[in-house]
1. State whether the range 139-216 is rounded, prolate or oblate according to the following rule on the C-alpha gyration tensor (a ≥ b ≥ c being the square roots of its eigenvalues): a/c under 1.5 gives rounded; otherwise a/b larger than b/c gives prolate, and the remaining case gives oblate.
2. Not counting ligands, DNA or RNA, and with a 1.4 Å probe, what is residue 106's accessible surface area in Å² rounded to the nearest 10?
3. Name the residue, out of 13, 101, 159, whose mean-square fluctuation peaks in a Gaussian network model built on the chain with Cα pairs under 10 Å.
4. Any idea of the accessible area per residue across the chain, 1.4 Å probe, to the nearest Å²?
5. What percent antiparallel are the DSSP beta bridges of the chain, to the nearest 5?
6. Relative to the first principal axis of the alpha-carbon coordinates of the chain, what is the inclination of helix 176-185, with its axis defined by its Cα atoms, in degrees from 0 to 90 and to the nearest 10?
7. Take the chain, connect every pair of alpha-carbon atoms lying under 10 Å apart with a spring to form a Gaussian network, then pick out the residue of 158, 191, 204 with the largest mean-square fluctuation.
8. Explain nothing, just the number: dipole magnitude of the range 114-224 about its Cα centre with +1 on each Lys and Arg Cβ and -1 on each Asp and Glu Cβ, in debye rounded to the nearest 20.
Amino acid sequence: MGTLYLVRHGQASFGAADYDNLSELGHKQSVRLGEYWRERGMHFDAVITGTLKRHRQTWEGIAEGLGLKRDDVLPWPGLNEYDSEAVIATIHEGKLEKPDSPEMYRHHFRLLRNGLSGWMLGKTQPAGMPSYVDFLAGVTTALDHVRDRHHGAKVLVVSSGGPISTAVGHVLGTSPETTIELNLRIRNTAVTEFAFTPKRHMLVTYNTLPHLDAPAYESWVTYA
């Protein structure tokens, strides 16, 4: 029996010109996760990441906390996030203003929820993005790779909320609506754990923050 740990990237720069960079807090979250694992003697037999900057930066923070350097990280483009702006554009004309209030944030995520539903059901096709069938395949082939190549090992995947929730939805056979809700609830540097055999993955935990489970880190819990 192997164990697969899927980690969502640290807090990125939501609303900024370039979202694909960790914020200062996002880096701290990542380092803290690595420290938590080092304190418990954790090691990984393999590391796989998406190819976005925030994925690599999150892994680098985790590695810093673990006190190690390794160059044998496998980049996997199928673990990259969907383009939320392209998804929203399928149901909303014009560019959204930068959210600067709770209501604007809620409006953004209402649109995203509806846009994701249309994409997942095959009713819309966001510009510049794969079909949802192909997006799902990018995630499931990563799961297949882990089962095929790393039986009995501890494997770390660093990715984004969309691919991680898609992996959970695939393993559990959830509806698109449930997968979307899983996606929109996942927190930065949250850990999801699968046990796996050569034949299948089994969900053990979802969206946990053991490394931030102390009053000193209460303000470090973020979602975007």
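1. Verdict is oblate for the range 139-216.
2. About 120 Å², rounded to the nearest 10.
3. Among 13, 101, 159, the largest GNM mean-square fluctuation belongs to 101.
4. Values: 10860 Å² over 224 residues.
Counting only protein heavy atoms, the per-residue value for the chain is 48 Å².
5. Here the antiparallel bridges make up roughly 50 percent for the chain.
6. Value to nearest ten degrees: 70.
7. 204
8. Details: 8 positive and 8 negative charges, 52 e Å.
Dipole magnitude for the range 114-224 comes out near 240 debye.
The values are calculated or read from the model by the stated rules, or taken from the named source; none is laboratory data. Small disclaimer: the values here were computed from a predicted structure and weren't measured. Positions of Cβ are generated from backbone atoms using ideal geometry, with glycine treated the same way; all protein chains shown enter the neighbour counts. Heads up: the accessible areas ignore ligands, DNA and RNA and are worked out on the full protein's heavy atoms, side chains in. Shrake-Rupley method; radii C 1.70, N 1.55, O 1.52, S 1.80 Å.
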